[in-house]
Structure formats: C-alpha cells, structure tokens
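Every number in this text was worked out from the coordinates using simple rules, so none of it is lab data. Treat the numbers as computed from the prediction; the structure is a model and nothing was measured. Cβ sites come from the backbone with ideal geometry, for glycine too, and all protein chains shown count toward neighbours.
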Amino acid sequence: MIKLLTLLLSLLDRLFSHRRDVKLQAQGRQEAMKEAQDAVELQIKLGEAAVAVPDPVRDERLRNRFDRSHQ
C-alpha cells in the first residue's frame with residue numbers, strides 16, 4: 001500500500017513538474033518574440049531617421065543606380 005502511495009505521489013510530482021516546465025518554456029518563447037520585435041522596431045526607427053536626414057551624396061548615388069538599372 002505504501003508503495004502505491006509513493007508511486008502515486010511520484011506521478012503527481014512529475015505531472016506538476018512537467019506543467020511548470022511547459023509554462024516556463026512558453027514564457028521564454030514570449031520573451032524571445034518580444035525581444036525580436038523590439039529589435040525590428042529599433043531598426044525601423046533607425047532607418048526612418050537615416051532617411052529623414054537629407055544626404056545629397058546618397059541621393060545622387062541612388063539616382064545613378066536607378067538610371068543604370070533602366071538602361
């Protein structure tokens with residue numbers, strides 16, 4: 001009888017441990033997705049800031065590249 005109770009408690013412990021591990025993994029995935037999204041948003045902001053600053057050299061280089069691609 002004691003063996004049966006021990007096995008039952010062991011099984012319950014494993015189930016709760018597995019459930020806790022699954023929760024932690026899901027939380028880790030959510031944090032990783034949030035970090036990736038923040039990094040993408042930062043790159044977008046940096047790109048928008050770079051384009052907002054007038055740069056005649058860059059404009060000329062892009063214009064030349066566009067003209068060469070349509071010849």
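Here's the yes/no breakdown for (1) surrounded by 10 or more Cβ atoms within 10 Å (Cβ to Cβ); (2) among the aliphatic types (A, V, I, L, M); (3) touching a Lys or Arg at 6+ places or on another chain (Cβ under 6 Å):
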{"residue": "HIS18", "(1), (2), (3)": "yes, no, no"}
{"residue": "ALA36", "(1), (2), (3)": "yes, yes, no"}
{"residue": "GLU41", "(1), (2), (3)": "yes, no, no"}
{"residue": "PHE66", "(1), (2), (3)": "no, no, no"}
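Here the condition is being of a type outside the set (Phe, Trp, Tyr) and outside any helix (DSSP H, G or I); of GLN27, GLN71, GLN43, GLN37, it holds for GLN71 alone.
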